[in-house]
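The values are calculated or read from the model by the stated rules, or taken from the named source; none is laboratory data. Remember, it's a predicted structure, so these values are computed and weren't measured experimentally. Glycine gets a Cβ as well: all are built from the backbone with ideal geometry, and neighbour counts include every protein chain shown.
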Amino acid sequence: MEGSFFESVPRGDLHLLATILHDWDDDSAQRILGTVRAAAGERLVVLDGVIEPGNAPDGAKWLDLLMLVIAGGRERTAEQWRILLGDAGWRATHVGEGVIEAQPT
């Protein structure tokens with residue numbers, strides 16, 4: 001289906017955003033999540049990186065730099081995901097290992 005997730009998305013019980021939100025800064029990602037929230041049923045699943053704490057090497061940390069340079073986007077920590085989702089009307093129910101799950105608030 002052609003369209004812009006900044007304007008509308010089809011209604012559904014579950015929405016899956018796979019490697020979408022890391023392309024965008026927080027304001028744009030929040031707009032996308034708000035659009036999805038307006039059309040959503042009971043569940044959102046986001047497949048995106050979650051930056052682990054500490055200084056150990058982590059693929060999400062490298063991808064964070066790459067997304068910043070290429071698209072102005074970013075990877076996020078678990079807490080950053082919770083805040084971003086919460087500000088867009090979602091409650092995170094699981095955050096970790098590249099899978100973020102949320103329900104409407």
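Number of residues in region 20-47 that are within 18 Å of Glu101 (Cβ to Cβ) and loosely packed, with under 14 Cβ neighbours inside 10 Å equals 3.
Among the residues of region 53-72, are any part of a loop (DSSP other than H, G, I, E, B) and surrounded by 15 or more Cβ atoms within 10 Å (Cβ to Cβ)? Looking through region 53-72, at least one residue is part of a loop (DSSP other than H, G, I, E, B) and surrounded by 15 or more Cβ atoms within 10 Å (Cβ to Cβ).
Taking the criterion of being of a type outside the set (A, V, I, L, M) and in a loop (DSSP other than H, G, I, E, B), the residues of region 17-52 that qualify are Thr19, Trp24, Asp25, Asp48, Gly49, Glu52. For region 1-13, a residue qualifies if it is surrounded by 10 or more Cβ atoms within 10 Å (Cβ to Cβ), modelled with pLDDT under 95 and hydrophobic (A, V, I, L, M, F, W, C), and the qualifying residues are Phe5, Val9.
Listed by first and then second residue, the pairs with beta-carbon distance under 7 Å, at least 6 apart or on different chains, first residue in region 36-65 and on the phi < 0 side of the Ramachandran plot, second in a loop (DSSP other than H, G, I, E, B) and of a type in the set (Val, Ile, Thr), are Val36/Val9; Ala39/Val9; Leu47/Thr19; Asp48/Thr19. Entry remark, region 21-31: residues being among the hydrophobic types (A, V, I, L, M, F, W, C) and over 19 Å from Thr93 (Cβ atoms) number 1 in total.
Residues that are under 13 Å from the mean Cα position of the chain (by Cα), at pLDDT below 95 and β-branched (Val, Ile, Thr): does region 51-72 have at least one?
Checking region 51-72: at least one residue is under 13 Å from the mean Cα position of the chain (by Cα), at pLDDT below 95 and β-branched (Val, Ile, Thr).
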